[in-house]
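The values are calculated or read from the model by the stated rules, or taken from the named source; none is laboratory data. What you see is a predicted model; the values in this text were computed from it and never measured. So basically every Cβ, Gly included, is an ideal-geometry build from the backbone, and we count neighbours across all protein chains shown.
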Amino acid sequence: MALTIKRPNGTEDVIPKNIYKWHTVERAAREAASGYGFREIRIPTFENTELFQRSVGETTDVVQKEMYSVIAKETKFTLRPEGTAGTIRALMQNGLLNEAMPQKVFYILSCFRHERPQAGRLREFHQFGVEMAGSSLPSADADIISLASDIINTLGIKNTELKINSIGCPKCRAEYHKALKKYFEDKKDKLCETCQSRLEKNPMRILDCKSPVCSEIAKDAPLILDYLCDECAEHFEKLKFYLDNLDIKYTVDPKIVRGLDYYTKTVFEFVTTDIGAQGTICGGGRYDGLIEQLGGQKTPALGFAMGLERLIITMENQGISFDSDMGCNLYIAPMDDNAVPHAMKLAKSLRDEGFWVEYDVVGRGLKSQMKYSDKLGATFTMVLGDNEITSKKARLKNMKSGEEIEIALDSSFVQNFSNIAVGEMFNGVLEDI
Ligand code: HAM
């Protein structure tokens with residue numbers, strides 16, 4: 001019978017043979033973030049819809065067009081379209097913003113946005129992200145950009161460009177909004193319906209509308225960098241100085257405004273040309289007003305998130321190798337039912353030491369057990385029958401070289417197997433070099 005129910009459009013399965021790619025990226029990100037003092041946080045997959053309306057913003061594409069929301073028992077919930085809002089909510093709700101500042105957390109989570117699926121754009125995707133609360137200084141901006149850059153470099157990703165911009169604070173943005181309104185006013189009729197309504201409420205959102213007509217109209221719109229107040233301009237200059245100091249290359253792109261409403265001052269993106277149209281592998285910035293907006297004390301904050309699928313596709317397209325998965329160390333082949341309890345015990349003793357060991361659990365004959373062990377890619381196999389059990393000796397076969405070594409099935413078994421297996425792993429490494 002054929003499977004009639006398929007996974008929803010824009011979602012992906014990661015099958016076991018590909019999981020090592022995810023582990024490579026997640027491990028690199030976790031380790032780098034830990035070195036910068038970020039600790040992991042886990043938050044719910046869904047939140048009250050209002051959280052996203054008030055943070056991501058009512059006039060953004062994400063809130064207006066892309067959220068998956070349900071009304072359950074009269075409450076409106078939304079699958080998180082990103083990680084910042086929920087993380088900040090969690091920091092507030094758990095009293096972490098009353099503790100020593102800055103608070104620094106990272107997360108690995110799935111996000112949901114009803115976008116048109118294409119390569120690198122999914123409806124369920126995954127982010128690694130960090131958030132830092134409690135610093136208003138540009139050194140914090142440089143610190144998180146440095147972390148993002150370290151992760152990208154550790155993974156070996158090439159051909160990326162870091163683009164930075166400042167989108168100012170509410171003070172300078174008021175002037176900028178006036179200039180934008182003036183610019184768009186006589187072109188209003190040509191804008192898409194959503195942007196027409198944005199013109200009054202939040203004209204900056206027109207700048208990142210995905211409609212080609214709106215993008216064309218927005219091409220010559222005034223630039224926020226020309227409207228920055230002294231404080232924002234100074235913050236931006238200092239950030240550039242710090243990035244130069246760290247030897248992190250960047251370009252100032254005054255057109256980056258980001259698609260989420262909470263940003264203030266610094267915004268940035270790491271973009272690659274190697275994965276087609278959806279080339280932004282990381283996006284972030286400062287959001288000094290968000291915590292207050294959600295009902296907390298005024299607390300500056302900032303962060304970034306990387307799309308894990310996009311990092312993986314970039315690595316694949318650039319031919320970068322991933323950390324290889326651990327393979328099966330030993331396959332034990334019991335010749336008959338009598339040998340099964342012995343196989344079980346031997347397997348358990350090695351598993352306790354962290355080895356991957358398997359034995360037959362489906363009742364195969366010896367020949368097909370060997371075929372299966374081959375499929376598993378087991379480094380060693382060991383046949384277990386009456387002879388082996390009585391003599392307490394078995395033959396360990398190295399599947400690559402065909403070499404067989406006798407091994408005692410007594411209290412020395414685990415230690416002897418460890419020595420042989422570790423020696424073999426070491427051989428593999430030397431061959432790779
Ligand atoms: P964002 O730019 O919306 O920012 O998303 C961050 C990253 O998630 C993007 O650069 C991209 O790599 C990935 N991404 C976004 N949408 C999709 C999609 N539909 N399919 C696949 N990957 C996608 C945020 O979400 C902010 N919360 C980042 C942040 C954290 N800012 C401050 N702190």
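Within the range 289-314, how many residues turn out to be part of a loop (DSSP other than H, G, I, E, B) and either crowded, with 24+ Cβ neighbours inside 10 Å or free of Cβ contacts under 8 Å to residues at least 24 places away in the same chain (or both)?
The number of residues fulfilling the criteria is 1.
Do you know which of the residues in the range 60-77 that are hydroxyl-bearing (Ser, Thr, Tyr) and within 15 Å of the ligand (Cβ to nearest atom) is surrounded by the fewest Cβ atoms within 10 Å (Cβ to Cβ)? Only one residue fits best here, namely TYR68.
Scanning the range 271-282 turns up one or more residues that are within 16 Å of the ligand (Cβ to nearest atom), free of Cβ contacts under 8 Å to residues at least 40 places away in the same chain and under 29 Å from ARG121 (Cα atoms). Of the listed requirements (1) more than 30 Å from ASP386 (Cβ to Cβ); (2) not assigned by TED's automatic domain parsing to the domain that holds SER149; (3) not aromatic (Phe, Trp, Tyr), THR272 misses just one: (2). The residue that is farthest from the ligand (Cβ to nearest atom), among those in the range 97-142 that are surrounded by fewer than 21 Cβ atoms within 10 Å (Cβ to Cβ) and in a helix (DSSP H, G or I), is ASN98.
What are the residues in the range 147-203 that are assigned to a loop (DSSP other than H, G, I, E, B) and more than 34 Å from the chain's Cα centre (by Cα), if any?
ASP186, LYS187, LEU191
Restricting attention to the range 102-141, the residues that are of a type outside the set (Asp, Glu), under 30 Å from ASP244 (Cβ atoms) and more than 19 Å from the chain's Cα centre (by Cα) total 10.
Beta carbons closer than 7 Å, at least 6 apart along the sequence or on distinct chains, pair a first residue in the range 415-433 that is modelled with pLDDT of 85 or more with a second that is assigned to a helix (DSSP H, G or I) for PHE417/LEU350. One residue is enough: does the range 214-237 have a residue meeting the conditions under 28 Å from MET306 (Cβ atoms) and among the aromatic types (Phe, Trp, Tyr)? Yes, some residue in the range 214-237 is under 28 Å from MET306 (Cβ atoms) and among the aromatic types (Phe, Trp, Tyr). Among the residues examined, ASP226 qualifies as at pLDDT 95 or above, surrounded by fewer than 14 Cβ atoms within 10 Å (Cβ to Cβ) and either farther than 24 Å from TYR250 by Cα or charged (D, E, K, R) (or both).
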